[in-house]
1. For residues that are crowded, with 18+ Cβ neighbours inside 10 Å and farther than 26 Å from residue 87 by Cβ, tally how many sit in the range 28-66.
2. Please find, within the range 32-49, the residue that is farthest from residue 238 (Cα to Cα) out of those that are assigned to a strand (DSSP E or B) and touching a residue at least 40 places away in the same chain (Cβ under 8 Å).
3. Just one of 9, 21, 62 is at pLDDT below 80 and within 29 Å of residue 161 (Cα to Cα); which is it?
4. Out of 106, 174, 142, I need the residue that is surrounded by 12 or more Cβ atoms within 10 Å (Cβ to Cβ) and either farther than 24 Å from residue 228 by Cβ or at pLDDT 80 or above (or both). Which one?
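The values are calculated or read from the model by the stated rules, or taken from the named source; none is laboratory data. Bear in mind the structure is a predicted one, so any value in this text is a computation, not a measurement. Because the Cβ atoms are built from the backbone with ideal geometry, glycine has one as well, and the counts that use them run over all protein chains shown.
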């Protein structure tokens, strides 16, 4: 009897380790704006790769990040084309913005002040932070029991977020390590982004909210502008071809704004 229990315990541990660390994660969501347009979103997470497929109104796109190549690809299926964004591209964009900021020094004070207000915090990473307040707990969204938070910026409601714990989703923070890589990649362009992808929803980021967002409602001037909702989570062994540009697709060069 004891041996049977031991074998059962070992089998459970092996199964748990396989589920929690071996397979990739697929997260299926729906998003809608205030005109009721719906976007289907499918996110694939696997070690150092991420892919997001979106489908709306017959248009399909994919966004792929590869840490090993330090590259983002934006794939357009209708045109059978893709754009490539590398660290070098982000560095060049950042240099152009910094050059434009220097040129502002020669503008009249009124124009300079207006542009500074428009660009406030964009390059420094000091963008205003939304302050979240826990409103309730025990609310059910789809199959998950959630905590509800409201996010405010300058006393205006910006978001409502329903979150649940990693464990209730069968996930761990290790499943999202690629987000840290994306943050570091984007950090070339804007300071402060390097950690935001990875820390949201963790104990390390208590000034925001705890848990993984299941549903988010965004507001502007007290009106709903966008809603996103997680519908399903799957675990699968993901093939490497998922994180490649489809064969035969043509590369479209990024515009530098100098044409």
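1. The number of residues fulfilling the criteria is 1.
2. So in the range 32-49, the residues assigned to a strand (DSSP E or B) come out as 32-33, 38-46, 49.
Of the ones still in play, those that are also touching a residue at least 40 places away in the same chain (Cβ under 8 Å) are 32-33, 41, 44-46, 49.
Details: 32: 28, 33: 31, 41: 17, 44: 8, 45: 9, 46: 7, 49: 10 Å.
So, considering only residues that are assigned to a strand (DSSP E or B) and touching a residue at least 40 places away in the same chain (Cβ under 8 Å), the one farthest from residue 238 (Cα to Cα) is 33.
3. Numbers: 9 fails: within 29 Å of residue 161 (Cα to Cα); 62 fails: at pLDDT below 80.
After ruling out the rest, the residue left standing is 21.
4. Numbers: 106 fails: surrounded by 12 or more Cβ atoms within 10 Å (Cβ to Cβ); 174 fails: surrounded by 12 or more Cβ atoms within 10 Å (Cβ to Cβ).
Going through 106, 174, 142 in turn, just one is surrounded by 12 or more Cβ atoms within 10 Å (Cβ to Cβ) and either farther than 24 Å from residue 228 by Cβ or at pLDDT 80 or above (or both): 142.
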